[in-house]
Amino acid sequence: MSNQFGKLITTFIGSNKGASKHAIASVELIPDHGVSGDHHAGTKPHRQVSLFANETLQEIQAAGIEVTAEELSTNLLTEGIAIDTLTAGTKLKIGAAIIEISEARKPCGSLTKIDKRLPKATYLRCGQFGRVITGGTIHAGDAIEIL
């Protein structure tokens with residue numbers, strides 16, 4: 001089986017719980033911790049990094065729901081990989097870093113503050129959580145490889 005490749009579109013970081021994250025050019029992934037400087041880092045071992053598919057974001061926006069990746073509280077916006085179909089244990093290599101998918105993200109109630117249709121629009125396609133196996137600095141534009 002050949003490896004699948006995608007691309008990291010944008011990286012995001014958020015320092016305050018409940019607030020939107022903001023886009024930055026690169027983030028540092030710390031093993032067994034998460035995204036350096038992100039308020040979720042180090043809090044839950046299986047929710048160190050959140051990933052969301054740009055294709056899903058575009059479909060939601062095309063359906064008339066005004067939402068940004070920042071508002072979805074994701075760390076990594078991906079493209080070219082069917083993020084929502086990955087199973088726990090799948091490993092992704094981004095730059096020198098390796099992330100292991102740990103569990104599917106579920107739409108949370110705070111999405112209704114953005115648009116009441118958003119929880120239904122993201123049901124079963126809200127992205128994934130992962131844990132950092134191998135750390136490193138990753139950048140927007142980096143290739144993502146399914147190992």
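The table for this structure:
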item: Positions within the range 95-109 being buried (at least 18 other Cβ atoms within 10 Å of the Cβ) and either modelled with pLDDT of 95 or more or among the aliphatic types (A, V, I, L, M) (or both), in sequence order; result: Ala97, Ile98, Ile99, Glu100, Ile101, Ser102
item: Residue, surrounded by the fewest Cβ atoms within 10 Å (Cβ to Cβ), within the range 22-59, restricted to residues that are out of contact with any His (no Cβ under 9 Å at 6 or more places or on another chain) and charged (D, E, K, R); result: Asp32
item: Any pair with Cβ under 8 angstrom, 6 or more apart, that starts in the range 123-141 at a residue that is in contact (Cβ under 8 Å) with a residue 60 or more places away in the chain and more than 15 Å from Thr11 (Cβ to Cβ) and ends at one that is among the aliphatic types (A, V, I, L, M) and surrounded by fewer than 21 Cβ atoms within 10 Å (Cβ to Cβ); result: Cys126/Ala104; Gln128/Leu86; Gln128/Ala104; Phe129/Ala104; Ile133/Ile98; Thr134/Ala96; Thr134/Ile98
item: Of residues in the range 110-138 being buried (at least 19 other Cβ atoms within 10 Å of the Cβ) and of a type in the set (S, T, N, Q), the one modelled with the highest pLDDT; result: Gln128
item: Filter pass, Thr74 being touching a residue at least 40 places away in the same chain (Cβ under 8 Å), closer than 14 Å to Val35 by Cα and surrounded by fewer than 17 Cβ atoms within 10 Å (Cβ to Cβ); result: no
item: Which listed residue is in a helix (DSSP H, G or I) and of a type in the set (Asp, Glu), from Glu55, Glu70; result: Glu55
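The values are calculated or read from the model by the stated rules, or taken from the named source; none is laboratory data. Every value quoted in this text rests on a predicted model; they were computed, and no experiment measured them. Cβ sites come from the backbone with ideal geometry, for glycine too, and all protein chains shown count toward neighbours.
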